[in-house]
1. For region 136-144, just list the computed ³J(HN,Hα) in residue order, Karplus coefficients 6.51, -1.76 and 1.60, θ = phi - 60°, integers in Hz, with x standing in for Gly and Pro.
2. Place the peptides 394-400, 290-296 in order of packing, highest mean first, counting for every residue the other Cβ atoms within 10 Å and averaging per peptide.
3. With a Förster radius of 25 Å, plug the Cβ-Cβ distance of ASP81 and ARG195 into 1/(1 + (r/R0)^6) and report the FRET value to the nearest 0.05.
4. Among LYS16/LYS50; LYS114/LYS371; LYS132/LYS213; LYS279/LYS399, which pairs are too far apart, with a Cα-Cα distance over 26 Å?
5. So, counting K/R as plus one and D/E as minus one, what does the shell of residues with Cβ under 12 Å around LYS54 add up to?
6. What full-extension length gain, to one decimal in nm, is calculated for GLN155 and ASP229 as 0.36 nm per residue of separation minus the Cα-Cα distance?
7. Rolling a 1.4 angstrom probe over the protein heavy atoms, how many square angstrom per residue are accessible across region 145-208?
8. Near ILE394, within a Cβ-to-Cβ distance under 11 Å, what is the net charge of the other residues, with Lys and Arg +1 and Asp and Glu -1?
Amino acid sequence: MAFEGLAERLQGTLQKIKGKGKVSEADVKEMMREVRYALLEADVNLKVVKEFVKNVSARAVGQDVMKSLTPGQQVVKIVKDELTELMGGEQSQISFSTRPPTVIMMVGLQGAGKTTTTGKLANILRKKYNKKPLLVAADIYRPAAVQQLQTIGKQLSLPVFALGTEISPVEIVKQAMEQAKEEHHDVVIIDTAGRLHIDETLMQELKDIRAIKEPDEVFLVVDAMTGQDAVNVANNFNEAIGITGVVLTKLDGDTRGGAALSIRSVTQKPIKFVGMGEKMDALEPFHPERMASRILGMGDMMSLIEKAQSNVDEERAKELEEKFRTQSFTFDDFLEQIGQVKQMGPLDEILKMLPGAGKIKGLENAKVDEKQMDRVEAIIYSMTTQEKTTPEIINGPRKKRIAKGSGTSIQDINRLLKQFEDMKKMMKQMTNMQQKGKKKMKMPGLDSLFK
């Protein structure tokens with residue numbers, strides 16, 4: 001996962017200073033030396049590192065810290081603030097046209113994930129912003145690029161405008177704009193061609209497309225795994241055609257995170273979205289403050305709550321609350337909960353959003369729990385309807401049958417039955433607390449999978 005090494009180094013460094021009742025200049029100097037090494041190892045641009053170290057050092061030895069009752073914690077807050085600022089400060093919103101359609105041009109080198117990101121972006125615009133997007137297949141050079149976009153469109157039930165590979169991209173975009181007006185699409189997303197390297201022909205074509213109608217956004221799609229190369233590519237595209245924002249793909253991969261921390265400072269263009277996986281909903285708006293929190297081990301509860309809300313049906317949540325309170329929660333309900341948790345994304349990613357998650361021993365191996373979920377599902381599917389609603393009838397022979405049907409052991413069955421009972425008791429307590437006015441996030445069933 002991106003930032004893993006950096007997060008570990010920074011959290012370790014800040015832990016040393018966090019509890020200090022008194023912070024000296026020497027302490028700050030020592031801390032900043034380690035921070036500098038950590039950022040350089042994460043492939044952050046050298047100029048960016050120097051500026052960051054200078055800013056933090058100046059604030060950390062200031063009067064506010066020295067006179068503070070908790071100087072160590074003040075220093076940690078300064079690091080978080082500066083890290084947030086480094087990545088853009090506040091979330092950068094999409095600029096929608098006051099006279100639709102809004103035109104978004106997707107540009108970038110070949111292999112960065114531009115076509116897939118075009119589909120993901122359209123999906124977000126439809127679901128989150130209630131837009132009616134039209135995708136335009138204007139990459140006529142890469143083999144099967146048009147077909148790829150059409151397949152994505154079909155998968156998402158979104159229209160794709162394509163005229164094959166024999167007509168020029170400029171003509172394709174002109175005709176697409178006409179169709180968008182006729183069919184009242186309020187967003188047009190143009191998937192343009194990429195190359196293996198930046199050349200004059202590519203840039204001229206992008207300029208020609210841009211001249212048809214000044215786009216509201218020009219998003220550069222770059223692969224976060226290319227590190228400093230991603231920053232150089234962003235700089236070159238910005239100077240040649242002008243970009244309005246960056247979409248970083250493969251931020252869930254084995255990347256050191258340097259691109260995410262450097263691009264904003266070097267190009268002065270915001271990171272608008274980050275790609276966090278292969279699925280069509282694995283594109284997220286980029287929140288600098290939330291990302292800084294995650295890097296420093298402070299969690300990201302806002303993103304976690306948003307993920308939960310988008311996957312939990314409110315009415316169903318109320319029904320389940322009632323079931324917990326009356327102890328009528330069944331294994332069928334539990335299965336449904338597992339499905340909702342799975343929809344939220346990989347469990348290791350969800351857990352890392354919890355504050356202090358970095359300190360949970362063995363969390364780096366949390367991927368194992370995906371298999372644990374599958375085992376739990378297999379066990380429940382092997383139960384009869386009666387066993388799911390009244391698990392207390394599951395005796396020795398029944399356990400044998402369930403274990404055989406699910407490919408698990410009797411110990412696995414016993415463990416699940418105990419966890420299920422413990423979870424029901426715990427959730428009954430929680431729902432009773434909620435009724436007394438203490439609000440908690442509804443994610444029944446998650447805890448028991450990690451016992």
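1. Per-residue couplings from phi come out as 10, 8, 9, 9, 9, 9, 6, x, 6 Hz.
2. Working: 394-400: 13.0, 290-296: 22.7.
So the peptides 394-400, 290-296, ranked by packing, come out 290-296, 394-400.
3. 0.05
4. Values: LYS16/LYS50 22 Å; LYS114/LYS371 32 Å; LYS132/LYS213 19 Å; LYS279/LYS399 37 Å.
Check vs 26 Å cut-off fails for LYS114/LYS371; LYS279/LYS399.
5. Details: positive: ARG36, LYS47, LYS50, ARG59; negative: GLU51, GLU82.
Overall, the nearby charge balance is +2.
6. Working: separation 74, 0.36 × 74 = 26.64 nm, distance 3.22 nm.
Length difference between fully extended and current span is 23.4 nm.
7. Values: 3310 Å² over 64 residues.
That works out to 52 Å² per residue.
8. Working: positive: LYS388, ARG398, LYS399, LYS400, ARG401; negative: GLU387, GLU392.
Around ILE394, the surrounding residues sum to +3.
The values are calculated or read from the model by the stated rules, or taken from the named source; none is laboratory data. Computed from a predicted structure; not experimentally measured. Note that each Cβ is placed from the backbone with ideal geometry, even for glycine, and that neighbours are counted across all protein chains shown. For the accessible areas, the whole protein counts, side chains as well, though only heavy atoms, and no ligand, DNA or RNA atoms are used. Shrake-Rupley method; radii C 1.70, N 1.55, O 1.52, S 1.80 Å.
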